[in-house]
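Reading through the structure tokens given below for one structure.
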Amino acid sequence: MRKAKPSRPRSGEGRRARRRSAYHHGNLRAALVEAATVLLEDRGPLGVTLRGAARRAGVSQTAPYRHFPDKGALLAAVAEQGFRRLARAMTRAAGQQETDPARALEAMAVALIGFAAAHGAHYRLMCGPAVRGRDHPALRDAAFAVWKLLTETLERCQHAGRIRAGDSAAFAFVLWCLVHGFATLLVDEQIPPAVLEAMPTEQLARMTTRALFAGLSVRS
């Protein structure tokens with residue numbers, strides 16, 4: 001008597017199984033955010049859609065609505081992820097300069113500019129008008145965490161006598177204007193070619209940050 005061959009799953013069943021595995025154990029939201037991030041880097045914010053993210057994540061077109069009511073909510077989640085990644089990059093950079101808060105603050109500024117250079121579309125979304133923290137509390141909190149890192153490190157510089165006494169929030173705002181302005185000029189390709197040819201981006205970022213520190217330093 002011949003043994004029956006084990007039945008193979010139909011192609012449609014295989015696709016459904018792959019889709020289920022994409023968000024098994026609650027990974028659907030993360031998979032959609034990651035897919036939307038890739039679309040953002042490739043096509044800009046206009047190229048990000050719920051359907052496109054679903055297609056790239058390998059799930060059904062209705063699956064995104066489990067977590068995101070509309071495209072704006074998905075973009076806000078992508079921006080939130082960007083701020084959290086930026087905070088980790090800044091923390092890592094500062095951790096290599098633990099004994100010198102001024103060098104740590106400089107390293108954080110350089111890390112922010114480096115992040116913007118590597119993820120231009122992501123940085124534009126994070127700091128642009130497409131999504132606002134006032135409408136998305138998680139995004140607001142993630143952005144504030146970056147601001148808090150800068151402010152707390154600047155306060156450490158003050159306590160160590162590396163920066164003069166004063167309103168740390170005001171000083172941090174000046175630093176943010178400088179660093180964010182540099183990053184935006186870099187992402188938008190507005191830095192004159194002659195400047196970039198004369199000095200690598202990281203070196204230019206350090207020089208710019210040190211010029212600010214010189215103005216904030218304790219005067220004898």
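Just a few scattered comments:
- Sparse packing (at most 16 other Cβ atoms within 10 Å of the Cβ) combined with a DSSP loop state is found for the following trypsin sites (Lys or Arg not before Pro) in the range 157-220: R164, R219.
- Overall dimensions of the range 125-220 by Cα: Rg and Dmax, Å: 15.7, 47
- A117 paired with W176, simple spin-label distance in nm, labels 7 Å along Cα-to-beta-carbon: 2.4
- For the range 149-201, fraction of C-alpha pairs farther apart than 16 Å, in %: 53
- The chain: Rg to Rh, with Rh as the Kirkwood radius over Cα pairs: 1.14
- Where the chain is the region considered: accessible area per residue in Å², 1.4 Å probe: 59
- Accessible area of the chain belonging to carbon and sulfur atoms, whole % at 1.4 Å probe: 53
- Database remark: amide H of R164 closer than 5 angstrom to the amide H of S217, V218 (H placed geometrically; neighbours at sequence offset of 5 or more, or on other chains; Pro and chain starts carry no H).
- The chain, relative contact order in percent, only Cα pairs under 8 angstrom and at least six apart counted: 18
- Each residue of the range 56-153 gets 109 Å³ once the volume of the Cα convex hull is shared out per residue.
- Based on the reciprocal of the average 1/r between different C-alpha atoms, the Kirkwood radius for the range 28-112 equals 14.1 Å.
The values are calculated or read from the model by the stated rules, or taken from the named source; none is laboratory data. Because the structure is a prediction, the values reported are computed rather than measured. Because the Cβ atoms are built from the backbone with ideal geometry, glycine has one as well, and the counts that use them run over all protein chains shown. Surface accessibility is based on the protein's heavy atoms, side chains included, excluding ligands, DNA and RNA. Shrake-Rupley method; radii C 1.70, N 1.55, O 1.52, S 1.80 Å.
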